[in-house]
Amino acid sequence: DMSETVFNPTVIEMRGVQVAALRDTSLTVLEDVNWSVLPGEFWVVAGPQYSGKSDLLMHAAGLMTPMGGTCRVFGCETDAFGEAQLADRLRVGFVFADGKLFNQLTLAENVALPLRYQKNLTAAEADRAVEVLLELLELAPFADATPANISANWRRRTALARALILQPELLLLDNPLGGLDARHRNWLLQFLDQLWRGHEHFGGRPMTLVVTTGDLRAWQHPQRKFAVLEEKTFSVLGSWTEVESARSRAVKELLAEPVATTI
């Protein structure tokens with residue numbers, strides 16, 4: 001039914017999805033995931049290590065196809081994602097936990113990569129777009145550096161810039177706060193909030209966001225939506241109020257004070 005596809009307002013729609021592990025696709029990490037992400041929502045998916053957060057996010061981006069069930073991104077079934085669906089893929093920005101930058105390229109070249117798929121841009125237009133975005137993300141001073149010569153904090157921010165260069169409608173970030181120092185954490189939390197509300201650089205249009213985390217407290221906010229992964233199960237918690245009243249052991253642990261480590 002064509003009309004359903006065209007008017008389907010859901011950004012991500014999972015029905016009975018069986019999520020495979022990226023490291024071994026014969027393993028199931030999550031069973032029977034049912035999840036709807038609507039335009040303009042900001043989702044925080046929490047879970048302990050190895051609970052399947054990255055794998056779920058890869059499915060939500062259409063980068064992996066489910067072992068069972070159906071996953072739709074912008075109304076398009078992800079197992080049908082081929083060249084014809086490239087336009088839908090370009091509406092999705094993905095930031096890997098480790099950044100996945102190309103070490104032989106400068107930061108500016110890394111950020112420019114997705115623009116090469118956009119055939120209708122001249123080199124000058126592409127350079128300008130990259131320049132403006134690097135400026136916005138405070139990366140301009142490092143434009144000509146290679147990833148090995150900057151700190152992990154800035155590498156992570158470069159990966160974010162690369163995901164934003166095509167001005168996606170949906171932005172997925174895998175453990176974006178992991179390993180960031182306090183200054184970079186604060187910057188990122190504020191910047192993602194601006195994207196979600198509608199950043200002027202991106203035409204003021206609110207962006208749909210999904211992040212994964214092992215620490216719920218960092219993401220406390222009355223207007224975000226929360227879900228938790230525990231023992232192969234995906235559970236929607238709802239609002240922050242519902243997070244705080246949740247009985248689950250996993251949620252209590254994800255809300256706990258981090259263990260103080262002495263060096």
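Below, the figures for the structure above:
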read-out: Meets criteria (free of Cβ contacts under 8 Å to residues at least 24 places away in the same chain and touching a helix residue (DSSP H, G or I) at 6+ places or on another chain (Cβ under 7 Å)) for Gln220; value: yes
read-out: Every residue from the range 205-234 that is exposed (fewer than 15 other Cβ atoms within 10 Å of the Cβ) and under 22 Å from Val73 (Cα atoms); value: Arg205
read-out: Subset tally (residues that are on the phi > 0 side of the Ramachandran plot and surrounded by 21 or more Cβ atoms within 10 Å (Cβ to Cβ)) for the range 28-42; value: 0
read-out: Yes/no for Arg157 being in contact with a Pro (Cβ under 7 Å, 6 or more places away or on another chain), within 26 Å of Leu22 (Cα to Cα), crowded, with 21+ Cβ neighbours inside 10 Å and basic (Lys, Arg); value: no
read-out: Test: residue in the range 88-100 that is without any contact (Cβ under 8 Å) to a residue 12 or more places away in the chain, of a type outside the set (Asp, Glu) and not in a helix (DSSP H, G or I); value: no
read-out: Hits in the range 71-82 - residues which are over 20 Å from the mean Cα position of the chain (by Cα) and open to solvent by less than 50 Å² (accessible area, probe 1.4 Å); value: Gly82
read-out: Some residue of the range 156-174 being more than 20 Å from Leu101 (Cβ to Cβ), among the aliphatic types (A, V, I, L, M) and free of Cβ contacts under 8 Å to residues at least 60 places away in the same chain; value: no
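The values are calculated or read from the model by the stated rules, or taken from the named source; none is laboratory data. All figures in this text were calculated on a predicted structure; none of them were measured in a lab. Glycine also receives a Cβ, built like all others from the backbone with ideal geometry; neighbour counts cover every protein chain displayed. Just the protein is used for accessible areas: all its heavy atoms, side chains included, with ligands, DNA and RNA removed. Shrake-Rupley method; radii C 1.70, N 1.55, O 1.52, S 1.80 Å.
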